[in-house]
1. Cα centroids of the stretch 78-134 and the stretch 34-67: how far apart, whole angstrom?
2. Can you check what the net charge comes to around ARG237, using other residues whose Cβ is under 12 Å from the Cβ of ARG237 (Lys, Arg +1; Asp, Glu -1)?
3. Between GLU112 and residues 5 or more places away or on another chain, which pairs have amide H atoms under 5 Å apart, with H built 1.01 Å from N, and which residues are they?
4. Just going by the charge dipole of the stretch 158-238, with Lys and Arg at +1 and Asp and Glu at -1 on Cβ, which of ALA233, VAL218, CYS166 is farthest out on the positive end?
5. Which order do peptides 184-195, 223-234 fall in by mean Cβ count within 10 Å, highest first?
Amino acid sequence: MVATSLQLEQLAETCSHCSLRYLCLPYGLSHEDILELERLVSTGVPIGASDELFVQGDPLEDIYAIRDGSMKTVVVDEDGLEQILGFYYPGDLLGLDGFADQKHHCTAVALEPTHVCRIPVARLDRLVDKLPSLRHQLMRLMSQALSDEEKLLLTLGRKNSMGRICSLLLTLSRRREMRGLEPSPVSLSMKRLELANFLSMRLETVSRVLTRLQRDGVIRIRHNDVDIVDPEALRARSSQGAWVADQ
């Protein structure tokens with residue numbers, strides 16, 4: 001029996017702000033398939049602030065979608081120095097780094113109290129063999145997530161401090177829009193020191209650039225939220241040519 005519109009709407013409401021709704025709603029799923037998907041996903045798993053979801057070197061067992069809250073991924077080198085790789089918000093997938101060789105190459109840490117949906121990889125592998133549409137949607141999400149990360153890192157490497165911060169704000173805003181949310185405000189739930197680490201900037205430079213953007217009326221900072229007041233001005237400052245030394 002093919003799932004009714006009401007059943008699909010009810011399942012969509014469960015994950016209304018989560019990328020899992022694209023996994024759970026491929027066209028033509030039967031009612032039995034929907035029930036199987038519901039049994040597969042563990043929803044609302046709580047992660048405390050500063051707690052680790054998985055650790056660099058751990059075997060790949062699950063992938064995760066953030067339901068609410070936010071997380072960061074980090075790598076630690078042989079000298080114990082930490083480098084932040086990215087920040088993740090509701091709807092983002094975590095754990096994709098482990099698919100190449102079945103182990104995680106980074107550590108995922110909660111920036112604040114966070115809930116995630118957990119998907120066991122072994123069970124997911126068996127299910128996608130039965131549901132080709134689910135395999136297609138999963139591959140699309142993985143490709144999109146990796147592409148977005150590569151584009152952001154490439155962009156950040158070519159810009160000065162103003163361009164890097166503006167590019168990050170625009171990227172986070174665009175990710176909100178892709179999930180059907182308003183493009184603003186953007187959440188900066190990380191500490192300013194963590195933001196500086198990710199952007200390869202000095203802490204004082206991060207604070208100076210954000211203050212300047214607010215003073216010029218481009219953004220408005222409200223605790224951990226950033227309202228994008230003038231998107232055109234933000235895009236213009238983001239596209240400031242090649243890298244130049246900070247003043």
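Rule-based calculations on the coordinates, nothing more; no lab input. All figures in this text were calculated on a predicted structure; none of them were measured in a lab. No Cβ is skipped: glycine too gets one built from the backbone with ideal geometry, and neighbour counts run over all protein chains shown.
1. 8
2. On the way: positive: LYS159, ARG164, ARG212, ARG235; negative: ASP216, ASP230, GLU232.
Net charge around ARG237: +1.
3. Under 5 Å from the amide H of GLU112: SER50, SER70.
4. About the Cα centre, the residue reaching furthest to the positive side is CYS166.
5. On the way: 184-195: 17.8, 223-234: 15.2.
Answer by packing, highest mean first, reads 184-195, 223-234.
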